[in-house]
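In what follows, a structure is listed as structure tokens, so that the remarks can point back to it.
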Amino acid sequence: PETCFESYFDDLSMSVKGLDESKKGYLTKYWRFDQAAPKIKAPTTLTLPSIPKEFRIPPTRFRDIEAFLTEKYDEFEASNDTKNVPIFIEYNPGLTPIPPKMKKYLPKYAAYVVALRVTPANNCFRREDMVGLPQKVWEHTMMSATNLLGLALLDEEYEILPGYDIVVDIATQLGFQRDGYGTTYFGEPTFMDYRLFTLNEGIYLHANADTTIVTKLDLRSKEHSRKAKKEQFKLDIVFGEDNLEVTMLHQFNTIWSGGERGKNFALFAVPNSTHPDEPDSVYAEVDINPYHNVQQIYLDEIEMLKRSFIKKRIRRNYSVDKVMMRKVKDNGNLTTSEVEPSPSFFTVDEHWFPGAKPAFRKAGHGGACCVSLSRREASAQGEHILLNHNSWGENDYLLVGLAHTSVIWRRWYSDKNVPDSEKAMIPHTHYVSFFYAFEPHPPFNLRARSGYFCLGFAGEDGTEGGTFNPHSTLTTNRKLSQNNETFSCPQIHFISSFIEKVEESSTTVVGYGINDCTPRLVEVSKKEIARMLFSDPWDMKIERSQEMGNLTDTWELN
């Protein structure tokens with residue numbers, strides 16, 4: 001809007017309104033998603049050595065992928081295999097630090113553990129490149145129900161410790177995979193989108209089933225092996241050596257805080273306000289924005305629900321009913337924050353699709369949380385930020401999360417009468433992200449949020465750490481696009497972890513999947529996050545137009 005600049009001036013006589021009746025003295029900046037992205041360091045791609053070579057797509061077959069997938073499907077069908085087409089791709093890295101008490105049972109240099117989705121399903125290739133692929137082959141690869149869990153120990157440089165990566169099939173081991181895998185069923189997997197959280201000296205595995213479920217893990221080297229107790233499950237290794245032993249310390253419990261369609265809840269902890277010597281209070285982030293809805297939960301305590309109650313959910317998988325009945329105990333109702341503040345900068349979608357028909361869902365979903373950001377850390381950014389009382393409140397620190405959102409699904413996407421050229425203006429399943437900051441106590445009021453941005457592709461020039469994942473070269477097949485404008489980032493960057501770097505609290509680590517095809521880790525400094533959350537409006541929101549000349553050269557924003 002032509003008057004939006006006015007909100008940045010405490011004294012309107014200093015604004016263009018007091019000097020220029022045409023209201024053209026200031027211009028609003030609308031940033032490209034790729035230009036607004038934070039500066040990154042130490043980019044790293046991950047490749048699980050435990051996945052056998054025969055289960056990978058050889059780079060030599062990237063150009064004839066239709067023929068390759070058809071060959072693999074024919075091999076699968078002829079073998080009467082009851083599990084899956086023999087292809088696996090890993091992505092969506094859920095990274096978490098190893099708690100100190102667990103380190104004594106693991107190799108000396110283990111600093112992190114990462115969870116990865118391991119599945120034939122992927123978006124490495126454009127649908128247009130596979131128009132000749134038989135439907136049954138498409139369904140059993142790109143729509144596969146097979147979703148295994150990859151786990152690996154990483155050192156402080158994000159390198160996988162040799163011999164300490166495995167792939168497990170929790171759904172089959174626990175008897176939860178609907179109809180097996182087989183040739184008669186494809187589509188919804190039992191578990192997907194795995195994430196890890198370190199809370200109160202424990203590691204929790206979080207996944208999406210019919211709603212959000214969670215369990216606690218014990219990790220140890222085989223020399224520290226111990227027998228699983230009653231109601232515990234030592235996970236069977238599908239691929240990998242037997243150096244790493246992983247045990248579920250209890251059956252999955254279900255977080256019902258978001259009702260029957262809960263998904264992708266981030267978990268975070270804050271010090272116990274009434275009993276400082278007790279374990280931290282743990283919360284589930286049910287809604288991020290525009291209102292921040294949060295509930296305190298007790299992840300290892302349950303109350304059993306009646307089967308008649310849990311049948312009310314959207315039941316994609318009857319096999320997990322007994323998990324759905326194990327409701328995580330909670331403490332009272334959801335807390336609801338004040339409405340979110342305006343973003344710290346604007347992006348091109350607001351210029352192209354103004355008003356009541358935005359391109360992206362307003363509410364963030366998915367993503368990861370949280371890292372702390374103190375006033376001192378934010379102030380270290382220097383001249384490129386603007387800290388005021390309203391954005392900080394009375395708090396010494398804020399908690400920061402990283403959310404993603406996607407294009408709003410429109411019914412006319414499936415309407416053959418709508419021209420493809422019109423659909424291409426707002427293509428579906430395109431993702432952007434944003435940072436948000438909130439107070440570290442109920443009701444967890446949102447105090448700041450950035451504008452939208454996208455994270456980039458893995459480099460192919462030797463700049464990536466770790467073992468380069470060959471699938472990374474395929475991800476540029478799908479780029480973020482809006483309004484017939486293409487951006488230098490993936491169509492899908494799926495945020496799956498956001499933590500402080502071990503032994504370096506001024507730096508964060510972001511884990512994300514690129515186009516459901518490859519995993520990537522990047523470092524982002526807290527100074528950079530502060531710049532994006534509390535940016536000086538002169539840097540990110542507004543600029544003087546040329547008509548103003550030198551009239552305002554000495555003005556300063558209050």
Q: May I ask you to verify whether Glu128 is part of a helix (DSSP H, G or I), open to solvent by 60 Å² or more (accessible area, probe 1.4 Å) and under 21 Å from Thr172 (Cα atoms)?
A: no
Q.
With the requirement that a residue be assigned to a loop (DSSP other than H, G, I, E, B) and either surrounded by 15 or more Cβ atoms within 10 Å (Cβ to Cβ) or touching a residue at least 12 places away in the same chain (Cβ under 8 Å) (or both), what does region 355-371 give you?
A. Pro358, Ala359, Arg361, Lys362, Ala363, Gly364
Q: Please determine, by comparing only the residues of region 372-395 that are more than 30 Å from Val407 (Cβ to Cβ) and in a helix (DSSP H, G or I), which one is modelled with the lowest pLDDT.
A: His389
**Q.** region 105-121, residues that are closer than 30 Å to Val137 by Cα and in contact with a Lys or Arg (Cβ under 8 Å, 6 or more places away or on another chain)
**A.** Ala115
Q | Residues satisfying the stated conditions in region 499-521, i.e. assigned to a strand (DSSP E or B) and under 13 Å from the mean Cα position of the chain (by Cα) | A | Ile499, Val509, Val510, Gly511, Tyr512, Gly513, Ile514, Pro519, Arg520, Leu521
Q: Test each condition in (1) touching a residue at least 60 places away in the same chain (Cβ under 8 Å); (2) within 25 Å of Phe494 (Cβ to Cβ) for Ile408 and report the one that comes out false.
A: (1)
Q. Which of the residues belonging to region 434-493 are among the charged types (D, E, K, R), more than 28 Å from Lys526 (Cα to Cα) and assigned to a loop (DSSP other than H, G, I, E, B)?
A. Arg478
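Quick grid of which residues meet (1) modelled with pLDDT of 95 or more; (2) of a type in the set (Phe, Trp, Tyr); (3) in contact with a helix residue (DSSP H, G or I) (Cβ under 8 Å, 6 or more places away or on another chain); (4) under 30 Å from Thr336 (Cα atoms):
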| position | (1), (2), (3), (4) |
| --- | --- |
| Lys416 | no, no, no, no |
| Lys423 | no, no, yes, no |
| Pro427 | no, no, no, no |
| Tyr452 | yes, yes, yes, yes |
| Gly456 | yes, no, no, no |
| Gly466 | no, no, no, no |
| Pro470 | no, no, yes, no |
| Thr473 | no, no, yes, no |
| Asn477 | no, no, yes, no |
Q.
Suppose we filter region 66-112 for residues that are in contact with a helix residue (DSSP H, G or I) (Cβ under 9 Å, 6 or more places away or on another chain), more than 23 Å from Phe125 (Cβ to Cβ) and of a type in the set (Lys, Arg); how many remain?
A. 1
Q. Can you tell which of Lys72, Lys53, Lys83 is within 20 Å of Pro519 (Cβ to Cβ) and either modelled with pLDDT under 95 or open to solvent by 40 Å² or more (accessible area, probe 1.4 Å) (or both)?
A. Lys53
Q.
So in region 244-279, with the set limited to residues that are buried (at least 19 other Cβ atoms within 10 Å of the Cβ) and part of a loop (DSSP other than H, G, I, E, B), which one is modelled with the highest pLDDT?
A. Phe252
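The values are calculated or read from the model by the stated rules, or taken from the named source; none is laboratory data. Here the structure is a predicted model, which means the values were calculated and not measured. No Cβ is skipped: glycine too gets one built from the backbone with ideal geometry, and neighbour counts run over all protein chains shown. Surface accessibility is based on the protein's heavy atoms, side chains included, excluding ligands, DNA and RNA. Shrake-Rupley method; radii C 1.70, N 1.55, O 1.52, S 1.80 Å.
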